[in-house]
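Visitor: This is the structure, below, for whatever I ask next.
The values are calculated or read from the model by the stated rules, or taken from the named source; none is laboratory data. Everything numeric in this text was worked out from a predicted model, so none of it was measured. Virtual Cβ from ideal backbone geometry, glycine too; neighbours counted across all protein chains shown.
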Amino acid sequence: MTLQEATHLDLPTPTGPMRTHLFEPAAPGRYPGLLLYSEIFQVTAPIRRTAAFLAGHGFIVAVPEIYHEYEPAGTVLAYDQAGADRGNALKTTKTVLAYDTDARSVLEHLAAHPRCTGKLGVMGICIGGHLAFRAAMNPSVLAAACFYATDIHKRGLGHGMNDDSLDRISAIKGELMMIWGRQDPHVPAEGRAKIYAALAAAGANFTWHEYNGAHAFLRDEGYRYDPELAHQTLGMAVQLFRRILA
């Protein structure tokens, strides 16, 4: 499915306007909506290609700039040490409440979009996987795909590094897909086991997938990219969203 030219708008949030990038199918009609969360580097070229991939499979995709309070609209952090340092610093400068109100703003926009069916899903990568996990706590979210979600196991999101994501699993009513790389040092085996146990104890509706892959195996730049694994797991995400949101 071909796409319209990507557009953007500035959504209102309690912490200021949030630049949000939209990717839509060109064909007329109404489509389910997806909130796509980026890595700590914001809306990079690989994230834009991932958004285009999802939109091309029949979804309206909204990608917010997660650090809109701290960086000028349109800022993209580089995939280098300085970019990583800045992204990691902002990750724990911003409050968990601000992340949550951002999610509600995007979901409300998608639900009201004239080309959206009103059925909503979320997907995220790295910190975005954690943010997608939290966004799935909104009752309007029917499905979520979380790629190597960082910091859930150590409660490390937001100012104070004491988030309550593990405590609020029962708020997630949709289906979760959790995808991990075994060679990811950011979420070691004991961390993955802690998350799995919490999901099982809460009776969550989830699937769990571990692969021999590094952190950032989905990112189509850099030495950690695994094209075969990316192809497989992105296909799984599309299948999830088609099954639940179609």
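Visitor: Among the numbered criteria (1) farther than 20 Å from residue 159 by Cβ; (2) touching a residue at least 60 places away in the same chain (Cβ under 8 Å), which single criterion is violated by residue 93?
Guide: Here residue 93 meets the rest and fails (1).
Visitor: Taking the criterion of being touching a residue at least 40 places away in the same chain (Cβ under 8 Å) and within 20 Å of residue 111 (Cβ to Cβ), would at least one residue in segment 39-50 satisfy it?
Guide: No.
Visitor: When you scan segment 167-175, do you find a residue that is charged (D, E, K, R), closer than 22 Å to residue 48 by Cβ and at pLDDT 95 or above, even just one? I'd like the intermediate steps shown before the answer.
Guide: Of all residues in segment 167-175, those charged (D, E, K, R) come to 167-168, 173, 175.
Next, from what is left, pick out any that are closer than 22 Å to residue 48 by Cβ: none.
There is no residue in segment 167-175 that is charged (D, E, K, R), closer than 22 Å to residue 48 by Cβ and at pLDDT 95 or above.
Visitor: Here's something else I'd like to know. For segment 46-60, name all the residues that are assigned to a loop (DSSP other than H, G, I, E, B) and either crowded, with 23+ Cβ neighbours inside 10 Å or basic (Lys, Arg) (or both). Working first, answer last.
Guide: Going through segment 46-60, the residues assigned to a loop (DSSP other than H, G, I, E, B) turn out to be 57-59.
Matches in segment 46-60: 59 only.
Visitor: Which one of these is assigned to a loop (DSSP other than H, G, I, E, B), closer than 23 Å to residue 227 by Cβ and touching a strand residue (DSSP E or B) at 6+ places or on another chain (Cβ under 9 Å): 63, 43? First the steps, then the outcome.
Guide: Values: 63 fails: assigned to a loop (DSSP other than H, G, I, E, B).
Step by step, each of 63, 43 is checked, and only 43 is assigned to a loop (DSSP other than H, G, I, E, B), closer than 23 Å to residue 227 by Cβ and touching a strand residue (DSSP E or B) at 6+ places or on another chain (Cβ under 9 Å).
Visitor: Go through 190, 221, 228 for me and flag whichever is over 27 Å from residue 51 (Cβ atoms) and exposed (fewer than 13 other Cβ atoms within 10 Å of the Cβ). I'd like the intermediate steps shown before the answer.
Guide: Details: 221 fails: over 27 Å from residue 51 (Cβ atoms); 228 fails: over 27 Å from residue 51 (Cβ atoms).
Every option except 190 fails the conditions.
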